[in-house]
Structure formats: structure tokens, C-alpha cells
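Below: the structure, in C-alpha cells.
The values are calculated or read from the model by the stated rules, or taken from the named source; none is laboratory data. Just so you know, these numbers come straight off a predicted model, no measurement behind them. Note: ideal-geometry Cβ built from the backbone for every residue, glycine included; neighbour counts use all protein chains shown. Quick note on the areas: whole protein, heavy atoms, side chains included, nothing else; ligands and nucleic acids left out. Shrake-Rupley method; radii C 1.70, N 1.55, O 1.52, S 1.80 Å.
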Amino acid sequence: MTGPSSPLPPASAGAPPLRDRLGRPPGVLRLSLTARCNLACPYCCPDAQDPPELLTLEERVLLVREAAALGFRTLRLTGGEPLLHPGVEALVAALRPLREAAGATRLEAIALTTNGLLLTAERAQRLRQAGLDRLTVSLDGTDGASVARMGGLRGGAAAGDRALATILAALDHARAAGFDPAAGALKLNAVITRGRNDDQLLPLAALARQRGIELRLIEYMDVGNRNGWAPEQVLPAQEMVQRIGERWPLEPVGRSAHGTAARWRYRDGGGSGGPGGSHLAVVASISAPFCGDCNRLRVTADGVAYSCLFAATGLDLKPWLRPGPDPAGLGAALSGQWRARRDRYSEERQEQTLEAAQRPHAEMAYLGG
Ligand code: SAM
Ligand code: SF4
């Protein structure tokens, strides 16, 4: 897609609510701050360098403002590793007026996903004070060898042990800064791949239970073109739930509205977990796709908007951001892209109605998950 010639007008007061071609409303804006990372997870394969034209703080604020006016109520900051970006706190602080706004332009939550390695006590406090509502920390194992393997760390188990200690301390720092897991403000993410870290399922569940943090288990997805994904490496969410449930019996808590995750609670009440008593969530994007509920837009660190995690191309928003900002044009571009959206890649992959797996995709660290 190209730039400023979008024929569709911006959403405006009194206009019908914005819907894509499959009737889906906008909801979550995922904004990548950098494509770089301090880990090299083999399922993600981040970039060594950022693209040349990163958005500025002012450009990101304008983008979030226009997206919020269209109905994107949650902002998730991601990457690459977003905490490599020195300006995260300043960005969150600059978005505070949108959080505090009333009515149709209001942003309801700002969240951030991190591998936790740079989340010091001071950083956690600064993020909370700036106005960050929720933190998700990614951790794929509970021993040094697994953490090193899943994080692509050189230096084997010893390096993994050091990283693990840092990440566990980050969870403590987050909680101390006010990110309360019982209120859903602190969660753990784990990507489970068969044969690589599925032996970590029970240890990760035990760790999350002990800390009272909701654990979100994610099926390994075929994002990007570098990770060598193969279907046999996917551990279906149902099997994850079964294995954990055999050790600690589970009962379903349902799905959250437009949520990607099915939620479960431990019958023994162990692990206080997230709101509604949810202790465990599974994201079954491969085995049980949820395209019909997808309300996400992804914007890369250099301002390219992708309407699907599996899209090959996006819409470059920079023509409406520089040299001078064009808020009305930006709003029109975003709403036009959303109205034209008909992506349902994961369902098509499952239906095998197209050679979906052969299509090129943008890389995960570029899109931010
Ligand atoms: N660096 C941060 C982190 O790891 O939390 C944020 C960016 S990362 C791309 C966002 C999330 O995507 C992480 O929880 C990561 O585990 C997940 N992820 C990356 N590649 C994936 C894949 N191929 N399949 C499923 N989840 C993936
Ligand atoms: Fe880095 Fe996150 Fe990708 Fe791992 S998943 S390489 S931590 S961006």
C-alpha cells in the first residue's frame, strides 16, 4: 500500500463506528519502539539494527492520539526489546493526557511487553510513575540451560542462570513499583515449543503459582521467515492445559472480550493469579485461531502499519507524519486501512484454503508480537 492518496475519509463524530470488512472493531494498537533486542530467541530472530527512519516521540504521540480517536483503546509498547529505547518513560508520560481524556478520544490502558533484562527497580518505578498500567514479562524456562537456549544466549547454562536471576528480580521490582498481578497489571508470557522447552511447562506453572502471577502460554507461531517454523514444533494449547491440569486440576474461566487467550483457574485456588481468578491463559493462535475477534493494529518502529501479524506488507504512515504532521490525513489513512482490512491468515492456514505457509511474512521483532 502507498501513502497519502487514501480515498477514505477519517472517522468523525456522528459517523458509524469503524469496522473492517469482516465487521471487526479496532481495539489494540501495538507499537514497536525498536526492532533490536538484547536476546536472540530462536523463534523470533530479532534484527541487529534498527531501520534508518525511527519515529520520534512527537510522531508516536500523534499516531496514538489519532488511533485512540478511531477506537484503539489499548496501547501496547513492544519491540524488539522496548526497554532498549531510552525514551519509553518519556513516551508514556507524554501520553498521560490521552489516558486522562474523557469520551471518544480516551486511551484506556498502556501496557508494555519486555524480556525483563533491563527492568531495574528504578526503571520499574519510573515507568509506573510515568503512567504505565500493565507489564508483561516474557520467560520461557526456569533453569539456566533452558533460559539460555530459548533466549539464544551464548555462554550456556551459566549465562542463562544470570539472565534468569535478573528476570526474577525484575518481577519483584515490577510488583514493588505497583504492578499488581492480582489486578492483571503484571503477567508472565512463555512461548512453548515442542522438543525445545515443553519440559518447562510444569516448572513455569509452579513458578507462576508460587508468585501469584497469571502465566500466558503461547503456541509457537509461524511469524517471519527466519525461525524455521514447522508444525510439529507446535505444542497445542489443549495439550499444555492437559499436562498442567494433570498436576494441578484446572477449570475454565472463559475468554476475555476480544482476548486472544482462553483462561483457566486452579481448582485448589493455588496461585492468586489475575482478575476473575484467572491463573493460566493459553494463546492458541495455531490450533484454534481467533481471527474473527482480532482487533489489533501493529505499527513498526519506523511507522509502518500492519493489519495482521502475518501480513507481508504494511502502510507507511510517515508521509502524514513528516516533514510536517497532518493529523487529519493520518486519521483518514488509519481508518481507510482498517476499513479495507480483511485479514484472517490463521484461519486460512488452518483451513488450508491457500498456500498460506509459503507466503512471506514480516519479522516478529519488526512487528512486536
Ligand atoms: N522483547 C519483548 C519480549 O520478548 O517480551 C517484546 C517483543 S516480543 C516479539 C513479544 C512477544 O512475542 C514475546 O512474549 C515473545 O515470546 C513472543 N513471540 C516472539 N516470537 C514468537 C513466535 N514465533 N511465536 C509465538 N510468540 C512469539
Ligand atoms: Fe527479543 Fe522478545 Fe524477540 Fe526474544 S521474543 S528475541 S526477547 S524481541
Could you go through the stretch 313-326 and let me know if any residue there is out of contact with any Gly (no Cβ under 6 Å at 6 or more places or on another chain), in a helix (DSSP H, G or I), at pLDDT 95 or above and open to solvent by less than 20 Å² (accessible area, probe 1.4 Å).
no
Out of all the residues in the stretch 215-230, is one or more of a type outside the set (S, T, N, Q), open to solvent by 20 Å² or more (accessible area, probe 1.4 Å) and under 18 Å from residue 124 (Cα atoms)?
no
Restricting attention to the stretch 47-76, report how many residues are in a loop (DSSP other than H, G, I, E, B) and open to solvent by less than 30 Å² (accessible area, probe 1.4 Å).
4
Could you grab me the full set of residues in the stretch 99-158 that are farther than 16 Å from residue 204 by Cβ, in a strand (DSSP E or B) and either open to solvent by 10 Å² or more (accessible area, probe 1.4 Å) or away from ligand 2 (no atom under 16 Å from the Cβ) (or both)?
109, 110, 113, 134
Determine, yes or no, whether residue 336 is assigned to a helix (DSSP H, G or I), closer than 28 Å to residue 31 by Cβ and in contact with a Leu (Cβ under 6 Å, 6 or more places away or on another chain).
yes
Picked from the stretch 77-96 (must be open to solvent by less than 30 Å² (accessible area, probe 1.4 Å) and within 16 Å of ligand 2 (Cβ to nearest atom)), the residue farthest from residue 220 (Cα to Cα) is 88
Quick check: anything in the stretch 221-234 in contact (Cβ under 8 Å) with a residue 24 or more places away in the chain, part of a helix (DSSP H, G or I) and closer than 22 Å to residue 264 by Cβ?
no
Could we say that residue 21 is closer than 19 Å to residue 307 by Cβ, open to solvent by 20 Å² or more (accessible area, probe 1.4 Å), touching a strand residue (DSSP E or B) at 6+ places or on another chain (Cβ under 8 Å) and more than 12 Å from ligand 2 (Cβ to nearest atom) here?
no
Per-region count, the stretch 188-214, residues more than 16 Å from ligand 2 (Cβ to nearest atom) and open to solvent by 10 Å² or more (accessible area, probe 1.4 Å):
11
Qualifying residues in the stretch 264-312 (those that are at positive phi and surrounded by fewer than 22 Cβ atoms within 10 Å (Cβ to Cβ)) - the one modelled with the highest pLDDT
269
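Yes/no per residue for (1) away from ligand 1 (no atom under 16 Å from the Cβ); (2) farther than 26 Å from residue 37 by Cβ:
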residue: 57; (1), (2): yes, no
residue: 61; (1), (2): yes, no
residue: 70; (1), (2): yes, yes
residue: 83; (1), (2): no, no
residue: 90; (1), (2): yes, no
residue: 94; (1), (2): yes, no
residue: 97; (1), (2): yes, yes
residue: 102; (1), (2): yes, yes
residue: 108; (1), (2): yes, yes
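So that you can scan it fast, the table gives a plain yes or no per residue for (1) among the β-branched types (Val, Ile, Thr); (2) touching an Asp or Glu at 6+ places or on another chain (Cβ under 9 Å); (3) farther than 25 Å from residue 35 by Cα:
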| residue | (1), (2), (3) |
| --- | --- |
| 115 | no, yes, no |
| 132 | no, yes, no |
| 139 | no, no, no |
| 153 | no, no, no |
| 158 | no, no, yes |
| 186 | no, yes, no |
| 210 | no, no, yes |
If I go through the stretch 159-176 residue by residue, how many of them are in contact (Cβ under 8 Å) with a residue 40 or more places away in the chain and either open to solvent by less than 20 Å² (accessible area, probe 1.4 Å) or touching a strand residue (DSSP E or B) at 6+ places or on another chain (Cβ under 7 Å) (or both)?
5
Test result for residue 228, touching a Pro at 6+ places or on another chain (Cβ under 9 Å) and within 16 Å of ligand 2 (Cβ to nearest atom):
yes
